[in-house]
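The values are calculated or read from the model by the stated rules, or taken from the named source; none is laboratory data. Nothing here was measured: the structure is a model prediction, and the numbers come from that model. As a convention, Cβ positions derive from the backbone with ideal geometry for all residues, glycine included, and neighbour counts pool all protein chains shown.
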Amino acid sequence: MDTFIQLTLNGLTLGSVYALIALGYSLVYGILKLLNFAHGDVFMVGTFIGFGAIQLLGGTVNPIVPVWTLLILITLAAMAGCAVLGVVIERFAYRPLRDAPRIAPLISALGVSFFIAYSMQLLFGSELRNYDTFSLDGGALYLEGFDIGNVRVPMIRIITIVSAFVMMILLWLLVSRTRVGKAMRATSFDREAAAMMGIDIDKVIVFAFVLGSALAGAAGVLFALRIPTYATIGFLIGLKGFTAAVIGGIGSIPGAMAGGLVLGFAESYAQGYISTRWSDLLVFVILILFLVFRPQGILGKADIRKV
Amino acid sequence: MSANGTPMLELEGINTYYGQIHILQDENIVVNEGELVCLLGGNASGKSTTLKTILGLVRPRTGTVRLAGEDVTQLPTAHRIKRGLAIVPENRRLFGPMTVLENLEMGAYLRPKADLKAEFERVYELFPLLYERRTQLAGTMSGGEQQMVAMGRALMSQPKMLLMDEPSMGLAPILVEKSFEIIKHVNESGVGMLVVEQNANVSLSIADRGYVLSTGRVVLEGKAADLLQNEELRKAYLGR
């Protein structure tokens, strides 16, 4: 039972990070019908910005600001930096190909992905970067928390899960309640009809990249709080975020959240009950099964075209 | 003719191409203030391209598009909408997974937020059904109901110049009549209208003037009453 609780907790932590990444895939896919394969690398840049920000704030052993301020500042820095990166990628790698056949921006996306990953490796080396959050407040983030049975739920996991869910709820509110969010939904359903309403499609696209990339930046920090990062981590994590988006139903926002959690649980249970060596295999077997048997995902609707 | 003589919409010497293909050839169209003009023509006559050119979804190679006297040929679509242009597109093009209310809201996308309430009241008064159905998803409505949403959505922006692309398409005859009554009603409130139609009979019966397009050229134009009597047109479009 304790094992199960522990694995569920791990799955929830991992899944909430995957969900944040999947949202970025879905936001962009919904509007541009483009699989933004550079998204995982935006996530990686987020982990690095977080790392750099920690060093600027004096490191974890002796930070110059209180712990909570530090956590908020590094997250905001990663979100802002990634948002800018997302806008730059859209402007230079995708917009010139807006009217090209769909394969062209896809190849461009792969190119951007490699470009970012290997530029970072060239600039900062390939070694692992550890946030060393254990040193914050003498390990408080790991020692404080609460217990379920014999399982400790440490503060650091609570932070990850709660902030991921808060961001998902905020995004959902933004998309369902605000005018710009509704414009995004309208654009993703019928781009030309949205333009006919006076919606500036370019602005909507840029906004989708800002939101998606900022979420990837936040996901990067939340992930790297516990797990060391490196320059080419974006490829695998990006693929997993993409898998989560497909499982949930790509283009669907609740789908991305559900897909992320399902994937997180699947990976965690596979690690615990089967083997850590096989967990990635399981993730991609799930992807293939979904692509074959339910390509619209858990919450996606089969493509209903307007009559 | 408007008081100051400036047309609401003016296409002058328009030539639009798709790649190498010359679609619109030297097209000249004028819609005066408060006028209801219909644009007739068969398939592939250039009707839809004309509307896209007016909206700025395609750019003409030569020629000028003017809204209330202002040259908007180089302006993006959103700027033209802001200047009082709106469209009820062919097949309505509603945002299916969004509610009626959200669809209407998108129609008023460029209106100041403070005016929204008044716009909603005006549209609900014209189409009381839309108020009853405001929380329904637009994609789940019948063709006639969707046509109301599409008209309501276009009117939410308080247009001065309204384009309508095949408003009768896919509607039962009784709804066609109803829908043209509403068009007439909206027009009488002072909105300039350009109605693109295959159904020449109904549209000419409510229009002030008409143009007939054939392979991208205006081949006939005149008062609606005269066009209704025109032998050639009767043979070609009215089936008699």
Problem set entry | Test: B:Arg134 is basic (Lys, Arg) and under 18 Å from A:Ser176 (Cα atoms) | yes
Exercise. Looking at this structure, is A:Phe265 modelled with pLDDT of 95 or more and of a type in the set (A, V, I, L, M, F, W, C)?
Worked result: yes
Seminar exercise, completed: Those residues of region A:147-186 which are modelled with pLDDT of 95 or more, small (Gly, Ala, Ser) and either closer than 20 Å to A:Leu261 by Cα or surrounded by fewer than 18 Cβ atoms within 10 Å (Cβ to Cβ) (or both) amount to A:Ser163, A:Ala164
Exercise. Restricting region B:30-50 to residues that are aliphatic (A, V, I, L, M) and buried (at least 22 other Cβ atoms within 10 Å of the Cβ), which is modelled with the lowest pLDDT?
Worked result: B:Leu40
For this session: Tell me which of these B:Leu162 doesn't satisfy, since it passes every other one: (1) modelled with pLDDT under 95; (2) within 14 Å of chain A (Cβ to nearest Cβ); (3) out of contact with any Lys or Arg (no Cβ under 7 Å at 6 or more places or on another chain).
Result: (1)
For this session: Output the number of the condition that A:Arg277 fails; it satisfies all remaining conditions of (1) within 30 Å of A:Met120 (Cα to Cα); (2) in contact (Cβ under 8 Å) with a residue 24 or more places away in the chain; (3) outside any helix (DSSP H, G or I); (4) more than 14 Å from every other protein chain (Cβ to nearest Cβ).
Result: (2)
Seminar exercise, completed: If we keep only residues of region A:26-60 that are touching a helix residue (DSSP H, G or I) at 6+ places or on another chain (Cβ under 9 Å) and polar (S, T, N, Q), then the residue modelled with the highest pLDDT is A:Thr47
For this session: Could you tell me which residue of region B:51-81 is farthest from B:Val202 (Cα to Cα), considering only residues that are basic (Lys, Arg) and loosely packed, with under 15 Cβ neighbours inside 10 Å?
Result: B:Arg61
Exercise. Would you call A:Val153 within 20 Å of A:Tyr18 (Cα to Cα), of a type in the set (A, V, I, L, M, F, W, C) and in contact with a Phe, Trp or Tyr (Cβ under 7 Å, 6 or more places away or on another chain)?
Worked result: yes
For this session: Spot the failing condition for A:Thr69; the list is (1) more than 23 Å from A:Leu20 (Cβ to Cβ); (2) out of contact with any helix residue (DSSP H, G or I) (no Cβ under 9 Å at 6 or more places or on another chain), and only one is missed.
Result: (1)
Seminar exercise, completed: When every residue in region A:289-307 that is modelled with pLDDT of 85 or more and surrounded by 11 or more Cβ atoms within 10 Å (Cβ to Cβ) is compared, the one nearest to the other protein chains (Cβ to nearest Cβ) is A:Gln296
Problem set entry | From the options B:Leu110, B:Leu67, B:Leu75, B:Leu94, residue that is touching a strand residue (DSSP E or B) at 6+ places or on another chain (Cβ under 8 Å), under 25 Å from B:Thr50 (Cα atoms) and not β-branched (Val, Ile, Thr) | B:Leu67
For this session: Return the total of residues in region B:139-167 being surrounded by 24 or more Cβ atoms within 10 Å (Cβ to Cβ) and more than 17 Å from B:Ile183 (Cβ to Cβ).
Result: 0
Problem set entry | Selection from region B:102-134 of residues that are part of a helix (DSSP H, G or I), facing another protein chain (nearest Cβ under 9 Å) and either exposed (fewer than 14 other Cβ atoms within 10 Å of the Cβ) or touching a residue at least 40 places away in the same chain (Cβ under 8 Å) (or both) | B:Asn103, B:Glu105, B:Met106, B:Gly107, B:Lys113
